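Colleague: Below is the structure I would like to discuss, written out as structure tokens.
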Amino acid sequence: MRKTKSHNNKLKKGMMKFKLIAFLFTIVIFFSSCYKDEFKFTADETPEVVDPGDISNFFAQVPNKFDSLVFKAEDGIIIVTENQTIIEVSPGSLLDQSGNFVTGDVDFKYIEVLNPAEYAFYGLPTISNKQLLRTDGVFRFEARQEGKELSFKGGRGVRVRLPDDNPEEGMQLFRGEGSGDDFNWSPISDATGSPNNTDIILNEWFLNIDSTGQDFLQGFGYEFTCELFTWINVDIFVDIPEDERTTVCVELPEMFTNKNTTIFMLFKESKSILGLNGDAEKMQWCEPYGATPKGFEVTFIVISHQGDDKYYFALKDATIVEDHLEYIEPEETTIDEIVKEIENL
């Protein structure tokens, strides 16, 4: 059968259409393969989210406020602090790690912290088994000889006379245990309930602090004995009915995380301070004990390290309400200024 001109034209158009489709298909395959090669995503290639800053850098740079001195173990020592607190180590009361009485030079280190705002420097919230404490002072004592830790003969310790014109009945000694979110003040008490060297007594003293007998110091307040190598707190429980307590949380901008930021809540009406814990689900910092009294006036203290030598800080006053939520925007501040601001609270 003879092909017509019209038939030949149709064949040519069909071939051209086929070639065009084939060309476009090739182009699509080419670019598709390039796209996959360039943007292929696997779990191994998940971009790492960098979280700048580490709040531990702040605590590592807080000025060391421990005082150090050397004394003869057989002589003992009496120290009078700026607060007129008397710290006494009796002669011949220290033992080495073999249980032998120590003679010769003893390296003694101590600290007295009376401003609860400064407890933030050492991570010491005033909380005992989820109950709020009101404090009159924190102490720590360390004694070493040639770098080795010493201890006291049984029944002995560092004798402290803490002056207070209006001492409060019922004050107790507490021992610091744990750290970070797990820190707790545990009461030091005799299981028998009988008086012993862990009790706080209210007393008046008239003490000779000079070997010549010419220098005397008189005072009135709390008298108690402390252990070595542990934080000791002079406290009393804040009696707040459960229905008068509430939860407290703080929100910050996204750049602040529980790795690079810490938050404390200072109570103005009582000498108390609590730490707020980071809550990943809420993206907030919350007081974890539910121990905050409603209606109390507080100051929120926010400290953050954002990498290198960059620090952020905020102080914000508030009156606590039911289910309290506070939004705070810290500002860049030098570490020296942060320390100064907290000391002045």
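Colleague: Say each of Arg175 and Glu74 gets a label point 7 Å from the Cα, pointing the same way as Cα to Cβ; how far apart are those two points in nm?
Modeller: 3.2 nm
Colleague: Label-point separation (nm) for Lys316 and Leu202, each offset 7 Å from Cα along Cα-to-Cβ?
Modeller: Distance between label points: 4.1 nm.
Colleague: Another one. Once you've got the Cα coordinates, tell me which of Lys268/Lys316; Lys268/Lys340; Lys259/Lys282; Lys109/Lys259; Lys109/Lys310; Lys65/Lys153 are over 22 Å apart.
Modeller: Over 22 Å apart, Cα to Cα: Lys109/Lys259; Lys109/Lys310; Lys65/Lys153.
Colleague: Shape verdict for segment 294-345, please, from the Cα gyration tensor: rounded (a/c under 1.5), prolate (a/b greater than b/c) or oblate.
Modeller: Oblate shape, in that a/c is at least 1.5 and b/c is the bigger or equal ratio.
Colleague: Each residue of segment 275-282 in turn: what ³J(HN,Hα) in whole Hz from Karplus with 6.51, -1.76, 1.60 and θ = phi - 60°, glycine and Pro shown as x?
Modeller: x, 9, 9, x, 10, 5, 5, 7
Colleague: Considering only DSSP beta bridges where both residues belong to segment 201-345, give the percentage that are antiparallel (nearest 5).
Modeller: Working: 38 of 42 bridges.
Roughly 90 percent of the beta bridges in segment 201-345 run antiparallel, per DSSP.
Colleague: For Glu142 and Asp336, FRET efficiency with R0 = 22 Å and r from the beta-carbon atoms, rounded to 0.05?
Modeller: Plugging the Cβ-Cβ distance into 1/(1 + (r/R0)^6) gives 0.25.
Colleague: On to the next question. Could you give the length gained on full extension between Asn166 and Gln97, defined as 0.36 nm per residue of separation minus the Cα-Cα distance, in nm? Before the final figure, lay out the partial values.
Modeller: Details: separation 69, 0.36 × 69 = 24.84 nm, distance 4.06 nm.
Extending this stretch completely gives an extra 20.8 nm.
Colleague: Whose amide H sits under 5 Å from the amide H of His324, counting only residues 5 or more places off or on another chain, with H placed in the peptide plane?
Modeller: The list, which skips near neighbours in sequence, is Thr247, Cys249.
Colleague: Continuing with the same structure: What list of ³J(HN,Hα) couplings, whole Hz, do you get for segment 223-235 from phi and the Karplus terms 6.51, -1.76, 1.60, once you set θ to phi - 60° and write x for glycine and proline?
Modeller: These are the phi-based 3J(HN,Hα) values: 10, 7, 10, 10, 7, 9, 6, 8, 7, 10, 10, 9, 9 Hz.
Colleague: Continuing with the same structure: What are the ³J(HN,Hα) couplings of segment 294-306, residue after residue, when phi is run through the Karplus curve with 6.51, -1.76, 1.60 and θ = phi - 60°? Round to Hz, x for glycine and proline.
Modeller: 5, x, 6, 8, 9, 10, 7, 10, 10, 10, 9, 10, 10
Colleague: Once the dipole of segment 74-136 is set up with Lys and Arg at +1 and Asp and Glu at -1 on Cβ about the Cα centre, which of Leu132, Asn83, Ala120 lies farthest towards its positive end?
Modeller: Going by the charge dipole, the pick is Leu132.
Colleague: Now for a different question. Separation between the Asp279 and Lys109 pseudo-spin-labels, each 7 Å from Cα along Cα→Cβ, expressed in nm?
Modeller: 3.8 nm
Colleague: Something else: How many angstrom separate the Cα center of segment 88-105 from the Cα center of segment 131-171?
Modeller: With segment 88-105 and segment 131-171 each reduced to a Cα centre, they are spaced 18 Å.
Colleague: Compute the projected area of the convex hull of the Cα atoms of segment 214-345, averaged over all viewing directions, and report it in nm² to one decimal place.
Modeller: Result: 12.2 nm².
Colleague: Report, in debye and to the nearest 20, how large the dipole of segment 215-279 comes out about its Cα centre when Lys and Arg carry +1 and Asp and Glu carry -1 on their Cβ. Before the final figure, lay out the partial values.
Modeller: On the way: 4 positive and 12 negative charges, 54 e Å.
I would put it at about 260 debye.
Colleague: Suppose accessible area is computed on protein heavy atoms with a 1.4 Å probe; arrange Phe152, Phe224 from highest to lowest.
Modeller: Details: Phe152 35, Phe224 0 Å².
From most accessible down to least: Phe152, Phe224.
The values are calculated or read from the model by the stated rules, or taken from the named source; none is laboratory data. For clarity, every value in this text was computed on a predicted model and none was experimentally measured. Please note: Cβ atoms are built from the backbone with ideal geometry, for glycine as well, and neighbour counts cover all protein chains shown. Note: accessible area is taken over every heavy atom of the protein model, side chains too, but ligands, DNA and RNA are not part of it. Shrake-Rupley method; radii C 1.70, N 1.55, O 1.52, S 1.80 Å.
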